[in-house]
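Peer 1: First the structure, which I've put down as structure tokens, then a few questions once you've had a look.
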Amino acid sequence: MPDALDATPYDALLLLSFGGPEGPDDVVPFLENVTRGRGIPKERLKEVGQHYFLFGGVSPINDQNRALLDALRKDFAGHGLDLPVYWGNRNWAPYLTDTLREMVADGRRRVLVLATSAYASYSGCRQYRENLADSLAALQAEGLRPPAVDKLRHYFNHPGFLEPMIDGVIESLAGLPEDVRDGAHLAFTTHSIPIASADTSGPVEEHGDGGAYVKQHLDVARLVADAVRERTGVDHPWQLVYQSRSGAPHIPWLEPDICDHLEERHAAGAPAVVMAPIGFVSDHMEVMYDLDTEATAKAEELGLPVRRSATVGADPRFAAAVRDLVLERAAVERAEQVTPCARGALGASHHLCPVGCCPARAPHPAAAGADSPYA
């Protein structure tokens, strides 16, 4: 990257996340936001919300976003990058539309967006872009001039995202009893999605049999497993598995589920398992409940030693990776030559989501892409 930390033409970074409840009274309204338009009865939402009530009705994601926000601001200031950082959520306060309205009031005209999802999929990318389009349309309806928005590329294979996960797996292995450590299996976990959504993830040319979603996760799992082998001298068997399925039972979703996988590994004689949530940026509710609570209880029932490795969270290396991605995208917009930073077989992802990338079931405008109505 150039010596001068120049973010031109951008004048702000927006941290865009999912959001989560911050108290028991927030749980059902939050779930109503998440499931809006699906006609799910309130009583069913109360049942779903039991995961949150186990933790006092508080999702950890908002505090984790505050920590990441602080890490980004410290990193930018420490390296002389003069770029204000804002935060908005899709489903809970601070709401995306409110944050964009604040940015307009502050005179921000060209905004980069960091989504807290590293991989290509409808729910992990295009749905964020659709929410951006909805918020920009709301500002227009208020008579405001919305800012131009661009989204940072997928960062699943950036070293600043990979290195904390590699360290987390090594630390988890070290935490296992010595007599089972070298034989431990690695279960790389990510959010299960409908197979139809996986097959159409990424650009059109990558569609089919898991699409970019599965390819990207497999590449990351391989990179982490290879690094663990190089640094420990032990070659651990590994597999990509899934968690947090939430859809109708008649719709095929990606498998195997982590709990089924633990049963299979135990039956096959695996002495221990490290669960590595590579599909998640932070330890939010799906990590804390589905892995730390549900999967860990399954392992205890089986008598199978398990450890769960840390997510990236607000690691300073991830904050530095975001700074690198910001400078990379700014240089691209200035038509300067730049070498993207990426590991693995897939290389750096696209900067602009092409038409047909991660399509929705029904047409919906999406910002920050080749088909954006907000050029």
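The values are calculated or read from the model by the stated rules, or taken from the named source; none is laboratory data. Every value quoted in this text rests on a predicted model; they were computed, and no experiment measured them. Note: ideal-geometry Cβ built from the backbone for every residue, glycine included; neighbour counts use all protein chains shown. These accessible areas exclude ligands, DNA and RNA; they are computed on the full protein's heavy atoms, side chains included. Shrake-Rupley method; radii C 1.70, N 1.55, O 1.52, S 1.80 Å.
Peer 1: Counting each DSSP H run of 4 or more residues in the chain as -39500 (n - 2.57), what helix-only mean residue ellipticity at 222 nm follows after dividing by all residues, to the nearest 500 deg cm²/dmol? Before the final figure, lay out the partial values.
Peer 2: Values: 14 runs with 149 residues, N = 375.
Helices in the chain give a 222 nm mean residue ellipticity of -12000 deg cm²/dmol.
Peer 1: How far, in degrees from 0 to 90, does helix 316-333 lean away from the longest principal axis of the Cα atoms of the chain, to the nearest 10?
Peer 2: Taking Cα atoms only, the helix is inclined about 40 degrees.
Peer 1: So for the chain, averaging the separation of alpha carbon pairs under 8 Å that are six or more residues apart and normalising by length, what relative contact order in percent results? Walk me through the intermediate numbers first.
Peer 2: Details: 683 pairs, mean separation 89.9, N = 375.
Contact order relative to length: 24 percent.
Peer 1: List the lysines whose alpha-carbon lies under 23 Å from that of Lys74, not counting same-chain residues fewer than 8 positions away?
Peer 2: Lys151
Peer 1: By how many degrees, between 0 and 90 and to the nearest 10, does the Cα long axis of helix 127-141 differ from the longest principal axis of the chain?
Peer 2: 30 degrees
Peer 1: With everything on Cα atoms, drop me the angle between helix 61-78 and the longest principal axis of the chain, reported from 0 to 90° to the nearest 10.
Peer 2: The angle comes out at about 60 degrees.
Peer 1: With a cap of 16 neighbouring Cβ atoms within 10 Å, and only residues DSSP puts in a loop, list the GluC sites (Glu not before Pro) found in region 310-375.
Peer 2: Details: sites: Glu328, Glu333, Glu336; in loops: Glu336.
Those that pass, being in a loop and sparsely packed, are Glu336.
Peer 1: Could you sort 270-282, 142-154, 33-45 so that the peptide with the highest average Cβ count within 10 Å comes first and the rest follow in order? Let's see the in-between values first.
Peer 2: Values: 270-282: 24.8, 142-154: 18.2, 33-45: 11.2.
The peptides rank, most packed first, as 270-282, 142-154, 33-45.
Peer 1: Using a 1.4 Å probe on the protein heavy atoms, what percent of the accessible area of the chain belongs to carbon and sulfur?
Peer 2: Numbers: 8080 of 15850 Å².
Roughly 51 percent of what the probe reaches on the chain is carbon or sulfur.
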